[in-house]
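*Asks:* This structure is in structure tokens; I'll ask about it shortly.
The values are calculated or read from the model by the stated rules, or taken from the named source; none is laboratory data. Keep in mind the model is a prediction, meaning the values are calculated, not measured. Because the Cβ atoms are built from the backbone with ideal geometry, glycine has one as well, and the counts that use them run over all protein chains shown. All accessible areas refer to the heavy atoms of the entire protein, side chains included, with ligands and DNA or RNA removed. Shrake-Rupley method; radii C 1.70, N 1.55, O 1.52, S 1.80 Å.
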Amino acid sequence: MKNIHILGISGSLRADSTNTIILKTLGSLLPSDITFEIFEGLDEIQHFDPGHVDSDSVARFKSAIRKADAVVICTPEYAFGVPGTLKNALDWTVGTGDLNDKPVSVISASPLNSGGSHALASLLLTLTALGTRKNEASALSIPNVKSKLSAGEVSNQELIALLQAQCDNLLSLTRQ
Ligand SMILES: Cc1cc2nc3c(=O)[nH]c(=O)nc-3n(C[C@H](O)[C@H](O)[C@H](O)COP(=O)(O)O)c2cc1C
């Protein structure tokens, strides 16, 4: 049987993004026979226009999703919503159904107590519209994220256990 390949998408473009750190940690918790890559280039995807054919950057994004057996998204919340770059990229997949039946893990991380819960709820709604495969355990909101990281890594053991649970649930959804 072919090895499982997982794609990570960070909703943050910042070089030292806390969400990207979370994503990298999650990737390191996966079993060694599972391949994991983080998509680079969300900022190169042009504004969604259903009347336009896919540019190279859009085609690369869709191809990375199609190639993956499962997808993990970890995102910040901006102004109580999903970052525009992430929502824009996801909008390109509506017409071609690239995320249809794709197992997902959906995470929001925030320095605030709220854990980015508005963005998480909104993103889950979008991923429902896109037909992704998920269950009640597929979402995780991480409050006070900065207190759980040190030296560019997750240092909080409780959070590591929660990320491990996301990996386990995602793999179980993928093997269904
Ligand atoms: C313009 C702006 C708006 C923000 N709005 C929110 C918000 O609504 N909710 C929230 O939890 N954090 C908000 N934040 C804080 C982000 O969660 C914080 O900058 C976070 O570290 C960004 O994620 P990153 O570290 O992965 O880049 C906002 C930050 C900026 C710059």
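*Asks:* Residues in the range 123-137 that are small (Gly, Ala, Ser) and either at pLDDT below 95 or within 16 Å of Ser10 (Cα to Cα) (or both): how many?
*Replies:* So the count comes out to 0.
*Asks:* Would you point out the residue of the range 10-42, among those that are more than 13 Å from the chain's Cα centre (by Cα) and among the charged types (D, E, K, R), that is farthest from the ligand (Cβ to nearest atom)?
*Replies:* Asp33
*Asks:* Answer with yes or no whether Asp49 is open to solvent by less than 70 Å² (accessible area, probe 1.4 Å) and more than 16 Å from the ligand (Cβ to nearest atom).
*Replies:* Against the criterion (open to solvent by less than 70 Å² (accessible area, probe 1.4 Å) and more than 16 Å from the ligand (Cβ to nearest atom)), Asp49 qualifies.
*Asks:* Let me ask something additional. Part of a helix (DSSP H, G or I), open to solvent by less than 70 Å² (accessible area, probe 1.4 Å) and in contact with a helix residue (DSSP H, G or I) (Cβ under 8 Å, 6 or more places away or on another chain): is that true of Leu173 in this structure?
*Replies:* yes
*Asks:* Name the residues in the range 94-107 that are open to solvent by less than 10 Å² (accessible area, probe 1.4 Å) and in contact (Cβ under 8 Å) with a residue 40 or more places away in the chain, would you?
*Replies:* Result: Pro103, Val104, Ser105, Ile107.
*Asks:* Just the residues that are among the aliphatic types (A, V, I, L, M), at pLDDT 95 or above and open to solvent by 50 Å² or more (accessible area, probe 1.4 Å), please, taken from the range 138-164.
*Replies:* Correct list: Ala161, Leu162.
*Asks:* For residues that are within 16 Å of the ligand (Cβ to nearest atom) and of a type in the set (Val, Ile, Thr), tally how many sit in the range 60-103.
*Replies:* 5
*Asks:* Considering only residues of the range 117-134 that are within 10 Å of the ligand (Cβ to nearest atom) and more than 14 Å from the chain's Cα centre (by Cα), which is least open to solvent (accessible area, probe 1.4 Å)?
*Replies:* Ser117
*Asks:* Tell me which residues, restricted to the range 10-44, are open to solvent by less than 30 Å² (accessible area, probe 1.4 Å), within 14 Å of Gln166 (Cβ to Cβ) and not in a loop (DSSP other than H, G, I, E, B).
*Replies:* Asn19, Ile22, Leu23, Thr25, Leu26, Gly27
*Asks:* Answer with yes or no whether Ser108 is in contact with an Asp or Glu (Cβ under 7 Å, 6 or more places away or on another chain) and over 30 Å from Ser155 (Cβ atoms).
*Replies:* no
*Asks:* Another question, then. Could you list, in sequence order, the residues of the range 52-77 that are at pLDDT 95 or above and open to solvent by 50 Å² or more (accessible area, probe 1.4 Å)?
*Replies:* Answer for the range 52-77, where residues must be at pLDDT 95 or above and open to solvent by 50 Å² or more (accessible area, probe 1.4 Å): Asp56, Arg60, Ser63, Arg66, Lys67.
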